[in-house]
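Remarks on the structure that follows.
The values are calculated or read from the model by the stated rules, or taken from the named source; none is laboratory data. Bear in mind that the values here come from a model prediction, so they are computed numbers and not experimental data. Positions of Cβ are generated from backbone atoms using ideal geometry, with glycine treated the same way; all protein chains shown enter the neighbour counts. Heads up: the accessible areas ignore ligands, DNA and RNA and are worked out on the full protein's heavy atoms, side chains in. Shrake-Rupley method; radii C 1.70, N 1.55, O 1.52, S 1.80 Å.
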Amino acid sequence: TDSTRGNSRTLDANNTSSVPGSAITDNNNTWGEATDSSRQRAAIDAHYGMQLTWDFYRDVLGRNSIDGNGAALINNVHVNRNYNNAYWDGSQMSYGDGDGRTFSPLASIDVAGHENTHGLTERTAGLIYRNESGGLNEAMSDIMGTAIEWYASQRNPNVQFDWKVGEDIYTPGVEGDALRYMDDPTRDNYSIDHYSNYPRQTEVHGSSGIANNAFYLFVNGGTNRTSGLTVTGGVGMEKGAKIFYRALAFYMTPNTTFAQASQATLQAATDLYGANSPEVQKLKEAWTAVGVN
Ligand code: ASP
Ligand code: CA
Ligand code: ZN
Ligand code: CA
């Protein structure tokens, strides 16, 4: 239980689906020691991911937890047995341990940031989890999860920032792969990176690639694989995260479409940096590159 972050806490579901789970104890309240039980590791990872999320929301987004009012973030680990998933259920997070082949325990920083941000989206825009709004909901989680990994990498030299999602927990026996790739969403042979392909892939974890790639192009610069259009340079993660958060919290609504999301982010960028700013110009180029106008 983290008294410096609204009593957010991490609990043990004891390999059942029953949440919230039970308290996890430690003989000296110093967590992550080599001598601590290996069963604590997933809990410490989930808790660290929650702490970084809390601090990123506070320091970068200027927001007090998911509801803006300091709501405790509740994490459950060891959910089910060999469970290959992690999710937000409307009030708390659940993390499986994975089967050791497809996944190791699913509590990496980017995944924790992703799951916590489902809570943020629910408490703000309320993007409905199907159709275009569902793809945007998923993209906001990948975007903020990756921004939180970036934030962590600025503070902890052991954290490696990248544009992959879930690289530290996906297929532990395979080097270099990931669950999703924001710099080239099509690399997973499932996601799409351009709105012209939306009718072919409407599942939310695949259509998210459209907005994931727009965010990548905006923040980092790069080329969209499908259109071949290039955004030169990028505005950097901090500005990108602030703009997309402002769009989520102030302009998006439950049924927002990709085209409306583009307008929402442009309005947010205009609020923060001005209508004639390079930020607004680059953001237009990024959305155009992924086929959204
Ligand atoms: N990975 C989960 C799913 O398959 C939940 C999530 O997207 O957060 O739906
Ligand atoms: Ca200890
Ligand atoms: Zn998700
Ligand atoms: Ca990552």
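Springs between alpha-carbon pairs under 10 angstrom, Gaussian network model over the chain: which of Asn213, Asn29, Asn80 fluctuates most? Comparing Asn213, Asn29, Asn80 in a Gaussian network model of the chain, the most mobile one is Asn29. What number comes out for the charge environment of Asp67, summing +1 per Lys or Arg and -1 per Asp or Glu over other residues with Cβ under 10 Å away? Local charge sum for Asp67: +1. Sorting the segments 190-196, 172-178 by their mean number of nearby beta carbons within 10 angstrom, highest to lowest, gives 190-196, 172-178. With the simple spin-label model, which puts each label point 7 Å out from Cα in the Cβ direction, the Val19 to Arg225 separation comes to 3.1 nm. Once the Cα atoms are used to define both axes, helix 278-289 deviates from the longest principal axis of the chain by about 90 degrees.
Peptide packing for 217-223, 22-28 was compared via the average number of neighbouring C-beta atoms within 10 Å per residue; ordered from the highest value, the list is 217-223, 22-28.
Remark: the chain carries a charge dipole of roughly 580 debye about the Cα centre, counting +1 on each Lys and Arg Cβ and -1 on each Asp and Glu Cβ.
Can you give the relative contact order of the chain as a percent, counting alpha carbon pairs under 8 Å and 6+ residues apart?
14 percent
DSSP beta bridges confined to the chain are antiparallel in about 65 percent of cases. For the chain, modelled as a GNM whose springs connect Cα atoms under 10 angstrom apart, the maximal fluctuation among Thr30, Thr226, Thr146 occurs at Thr30. Over all other residues within a Cβ to Cβ distance under 15 Å of Thr35, the charged ones net out to -1, with Lys and Arg as +1 and Asp and Glu as -1. What shape does the chain have by the C-alpha gyration tensor, where a ≥ b ≥ c are the square roots of the eigenvalues, rounded means a/c under 1.5, and otherwise prolate means a/b greater than b/c and oblate the rest? Cα axes put the chain in the prolate bin. Charge tally for Glu203 (other residues, Cβ to Cβ under 15 Å; Lys, Arg +1; Asp, Glu -1): -2.
What the chain shows is 42 Å² of accessible area per residue, with the surface traced by a 1.4 Å probe over protein heavy atoms.
Does region 35-187 come out rounded, prolate or oblate, given a ≥ b ≥ c as the square roots of the eigenvalues of its C-alpha gyration tensor, rounded meaning a/c under 1.5 and, failing that, prolate meaning a/b above b/c? Taking the square roots of the gyration eigenvalues as a ≥ b ≥ c, region 35-187 is rounded. Compared with the dominant principal axis of the Cα atoms in the chain, helix 40-56 is inclined by about 40°. Using a probe radius of 1.4 angstrom, the carbon and sulfur fraction of the accessible surface of region 174-285 is 49%. Taking Cα centre as origin and charging only the Cβ of basic (Lys, Arg, +1) and acidic (Asp, Glu, -1) residues, the dipole magnitude of region 88-205 rounds to 240 debye. Among Pro199, Pro105, Pro278, the largest mean-square fluctuation in a Gaussian network model of the chain, built with springs joining Cα atoms closer than 10 Å, belongs to Pro199. Determine the shape class of region 67-113: with a ≥ b ≥ c the square roots of the Cα gyration tensor eigenvalues, call it rounded for a/c under 1.5, and otherwise prolate if a/b is greater than b/c, oblate otherwise. It is prolate, given that a/c is not under 1.5 and a/b is the larger ratio. The calculated FRET efficiency for the pair Thr35 and Asp2, based on their C-beta separation and a Förster distance of 25 Å, comes to about 0.70. Placing unit charges on each Cβ (+1 for Lys and Arg, -1 for Asp and Glu) gives the chain a dipole about its Cα centre, and among Pro254, Tyr83, Pro157 the Cα reaching farthest toward its positive end belongs to Pro254.
Each label was represented as a point 7 Å from its Cα along the Cα-to-Cβ direction; for Asp271 and Asn131 these points are 2.4 nm apart.
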